[in-house]
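Before any comments, here is the structure.
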Amino acid sequence: MEAFSALATAAYCPRQLYYRRKHDDHEVPAEASARRDLAFRYDQLLDPTHDLRTEPVAVTPTQFRSRLGAASERLDAWPALVDPDGREVLLEGKDARGIAHKLLADPPTVSVVSAGEPPEHGVWGPDSVRATAAAKALAWEHGTGVDHAYVEYPAHGVVRRIRLGTRRKAAYRHALRAARSMDGPPPRLDEDDDRCGACDYRAECGTRTRTLRSLLGR
């Protein structure tokens, strides 16, 4: 059975998952934990008397409260996201297991919390795969359908609802196959400065980032 985090890493870069397994590296950085913790304190953070300058938010206090305020008005599930029925809940599905950061009961669904920056629209692929894995595990445990989930980027004050349609489920299955079939280092990705440049395993992996000249010369 694969971990939700492993599937998210496989969706991001299968080779990175290989090195994480090789080094048994599963520790969550303290900064990421502090950012995720923001998702459980929305009421406090929206209080205008609370000093957001003491918090690990990645935008200005005005932007942060404006975004969270918009989410509270847009999302019917906002009260449940602020005070979820379950927190840090272990779910075990047919193929994957892991932690759902928030469990919502009516209708049953999950929310996963990302320490990173959100895309302009929607959610990042690895976050989508993780949310899909958690939703499918919840559906398996409770014998019920789950057709949507939430992804939160609390350091940026962003909460997004995603529909668990065909494409998201296909991406989940692709990540599951990649994680299950791994018996050695997968082929390198076509070098991506954004991913490879920030990867902790770039030296061991041996991926070289291309220069602008080499990119233009292709």
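Quick notes on this structure:
- Burial order of peptide ranges 149-161, 97-109 (average beta-carbon count within 10 Å, highest first): 149-161, 97-109
- Positive-pole candidate from A134, M182, G145, dipole of the range 127-195, charges at beta carbon: G145
- Distance between the pseudo-spin-label points of M1 and M182 (7 Å out from Cα toward the beta carbon): 1.9 nm.
- Excluding ligands, DNA and RNA, the accessible surface per residue across the chain is 56 Å² with a 1.4 Å probe.
- Test item: Cα-centred dipole of the range 1-119, Lys/Arg +1 and Asp/Glu -1 on Cβ, debye: 420 debye
- Separation of the A198 and L75 label points, Cα + 7 Å toward Cβ, nm: 2.1 nm
- Assigned charges on the beta-carbon of Lys, Arg, Asp, Glu; the chain dipole about Cα centre (debye): 1000 debye
- The three principal axes of the C-alpha atoms in the chain carry coordinate ranges of 51, 43, 30 Å, sorted with the longest axis first.
- Theoretical FRET efficiency, 1/(1+(r/R0)^6), r = Cβ-Cβ of A30 and W140, R0 22 Å, to 0.05: 0.10
- Carbon plus sulfur fraction of accessible area for the chain, probe 1.4 Å, in percent: 48 percent
- Largest accessible area first, the listed residues R74, R130, R87, R20 line up as R74, R87, R20, R130 when surface is computed with a 1.4 Å probe on the assembled protein chains.
- Residues in the range 89-106 carry Karplus couplings, in order, of 8, 7, 10, 10, x, 5, 10, 9, 9, x, 9, 8, 5, 9, 10, 10, 9, 9 Hz; the curve used is 6.51 cos²θ - 1.76 cosθ + 1.60 with θ = phi - 60°, and Gly or Pro positions show x.
- Beta-bridge orientation, the chain: approximately 75 percent antiparallel, per DSSP, counting only bridges with both partners inside.
The values are calculated or read from the model by the stated rules, or taken from the named source; none is laboratory data. Note that the structure is predicted; figures quoted are calculated from it, not measured. All Cβ positions, glycine included, derive from the backbone under ideal geometry; neighbour counts span all protein chains shown. Side chains included, ligands, DNA and RNA excluded: accessible areas come from the protein's heavy atoms. Shrake-Rupley method; radii C 1.70, N 1.55, O 1.52, S 1.80 Å.
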